[in-house]
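To start, the structure itself, in structure tokens.
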Amino acid sequence: TPPGPVRHLGNRSQQGLRARCACHPLPRAGGAVGRRPDDLGPADLPAVAGWFGHETRSRQAPVVRFPSAVVAERHERIEAHWQRLVHREQAAGLTRVTRAPDPGISVQVWRWATGADLEDVLGDSALTGGDFVRGIKQIADLCRQISVAYAGTALARQARGASDRLIRGVVAGE
């Protein structure tokens, strides 16, 4: 029997729909940062949240760099969760599985969240200004959603602060 939310479904089309809903970025991102975000710095949370919406455009995956040891550790944990999820989806007979979280924008998000200017953030990356602004807006929105979903918790306060820190300068249209 497939584990988790797929277990209670009868046919394959329902399984696919339910599995996709269970893999929506909000619960994945909220669980990834953890309900006790004490070890995440103010820029770490948005750097991690960005993995759930970002998709690297190049055909060859770039070398992934992490802006802090905590972010690197979270990547290991999230990668392990993702592998278990894909295994469960395949065991349930799904032909399209959840794509891997993409940490390719971590350094840029982290730099932006610490107050760096756009030129320093983009530096030597292949990321365009437009893609960066669009991505930051999506990450800020995800952080706001996490703050609502985890209302009254330290995670909610940190996610709201992260969202506020991201919306500035060119991202805010200033």
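Observations, loosely collected:
- Residue pairs meeting the criteria (Cβ under 7 Å; at least 6 apart or on separate chains; first farther than 16 Å from Ser147 by Cβ and modelled with pLDDT of 95 or more, in region 43-54; second surrounded by fewer than 24 Cβ atoms within 10 Å (Cβ to Cβ) and aliphatic (A, V, I, L, M)): Ala47/Val71
- Selection from region 137-162 of residues that are free of Cβ contacts under 8 Å to residues at least 24 places away in the same chain and not aliphatic (A, V, I, L, M): Asp141, Arg144, Ser147, Gly152, Arg157, Arg160
- Residue that is of a type in the set (Gly, Ala, Ser) and under 19 Å from Asp131 (Cβ atoms), where the choices are Gly53, Gly41: Gly53
- Residues in region 138-174 that are of a type in the set (Lys, Arg) and assigned to a helix (DSSP H, G or I) were compared, and the one that is surrounded by the fewest Cβ atoms within 10 Å (Cβ to Cβ) is Arg157.
- Selection status of Glu119, more than 15 Å from Pro46 (Cα to Cα) and either free of Cβ contacts under 8 Å to residues at least 60 places away in the same chain or among the small types (Gly, Ala, Ser) (or both): yes
- Selection status of Arg134, more than 15 Å from Val171 (Cα to Cα) and open to solvent by 30 Å² or more (accessible area, probe 1.4 Å): no
The values are calculated or read from the model by the stated rules, or taken from the named source; none is laboratory data. These numbers come from a predicted model, not from an experiment. Cβ atoms come from the backbone with ideal geometry, glycine included; neighbour counts cover every protein chain shown. Side chains are part of the model used for accessible areas, which takes the heavy atoms of the whole protein and leaves out ligands, DNA and RNA. Shrake-Rupley method; radii C 1.70, N 1.55, O 1.52, S 1.80 Å.
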